[in-house]
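K.L.:
I'd like to ask some things about the structure below.
The values are calculated or read from the model by the stated rules, or taken from the named source; none is laboratory data. If you're wondering where the values come from, they're calculated on a predicted model, not measured in any experiment. Reconstructed Cβ throughout: ideal geometry from the backbone, glycine too, with neighbour counts over all protein chains shown. Surface accessibility is based on the protein's heavy atoms, side chains included, excluding ligands, DNA and RNA. Shrake-Rupley method; radii C 1.70, N 1.55, O 1.52, S 1.80 Å.
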Amino acid sequence: MKVMVIDTALGACVAGVFTGDADAAPPYALGVRAEVMAKGHQERLGGLARDAAAEAGGFAGIDRIGVTVGPGSFTGLRVGLAFALGLGAALDRPVVGVSTLDALAASVPAKGMVAAVIDARRGQVYARLFRDGAPLGEAEALPLEIARDRILTAAGDARSTLIGSGAALLAETFPELAGAALPPLPAPTPEAMAALTLAADPATSPPQPLYLRAPDATPPSRLPGQPRQPAA
């Protein structure tokens, strides 16, 4: 199967084309383009996808599209999802959603306990724990102290591995986790994205944004043109 992966959820803009099978060897890269960036994904994604597809022989042979659905940047998620859904409609190909946390965990060897953690601000991380590649529970938004306790409990006497933007935050806050954090990774690896896209079931992996916390924005208190309410 030939798949295209799209990731704009975190600190990079990624488009890649891979070939492989869900139960076979790691997917083989046919064309990959990636740029580290915190914003501006909408300006770069189309060109990166075009170049990656051109190197892989064009869009016509793509069988499936995978896109990160979160957790991550609200704007970034929307950019990637809109592009992937539009491309899927144009090619008449299925689009599957891939969890950013799952893809981060799949970016490291699946041995032992791995915690995929993303800095969610406000003293929280988005987290999901894995042991030998299998998830130990659902993705959650957790206060730092609870995340630490979950990680230490799940690891037991074994060493844990922390990956994602929340790894450094937890390691700096809790000395007992200092040796577990991997160097910063701006986004999941394209290879991990491809493997999860190949393994995904389109019926149970919809391309819909995954929000683990209510948005920070609040609706306006008055409509445009309405007078302000007098102070009480």
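K.L.:
Under the 0.36 nm per residue contour assumption, what length would be gained going from the current alpha-carbon distance of K39 and A158 to full extension?
P.N.:
39.1 nm
K.L.:
What is the projected area of the convex hull of the Cα atoms of the stretch 142-204, averaged over all directions, in nm²?
P.N.:
5.7
K.L.:
Tell me the mean residue ellipticity at 222 nm calculated for the chain from its helices only (DSSP H runs of n ≥ 4, each -39500 (n - 2.57), averaged over every residue, nearest 500).
P.N.:
Dividing the helical sum by the residues of the chain leaves -9500 deg cm²/dmol.
K.L.:
Oh, and also: Pick out, in residue order, every one of the trypsin sites (Lys or Arg not before Pro) in the stretch 8-49 that is DSSP loop and has at most 13 other C-beta atoms within 10 Å; say none if there are none.
P.N.:
K39
K.L.:
Ignoring ligands, DNA and RNA, what percent of the accessible area of the chain is carbon or sulfur (1.4 Å)?
P.N.:
57
K.L.:
Rounded to two decimals, what ratio of Rg to Rh does the chain give with C-alpha atoms and a Kirkwood Rh?
P.N.:
Result for the chain is an Rg/Rh of 1.03.
K.L.:
Assigning unit charges at the beta carbon (Lys, Arg +1; Asp, Glu -1) and nothing else, what dipole magnitude in debye, to the nearest 20, does the chain show about its Cα centre?
P.N.:
Magnitude of the dipole: close to 720 debye.
K.L.:
Compute the length gained on full extension between R122 and M1: take 0.36 nm times their separation in residues and subtract their Cα-Cα distance, giving the result in nm to one decimal.
P.N.:
Length difference between fully extended and current span is 39.4 nm.
K.L.:
How much accessible area per residue does the chain have, in Å², with a 1.4 Å probe?
P.N.:
I get 50 Å² per residue for this part.
K.L.:
For the stretch 47-130, count all C-alpha to C-alpha pairs, find those more than 22 Å apart, and express that count as a whole percent of the total.
P.N.:
40
K.L.:
Over 17 Å, how big is the tail of the calculated P(r) for the stretch 1-80, in percent of all Cα pairs?
P.N.:
Result: 43 percent of Cα pairs exceed 17 Å.
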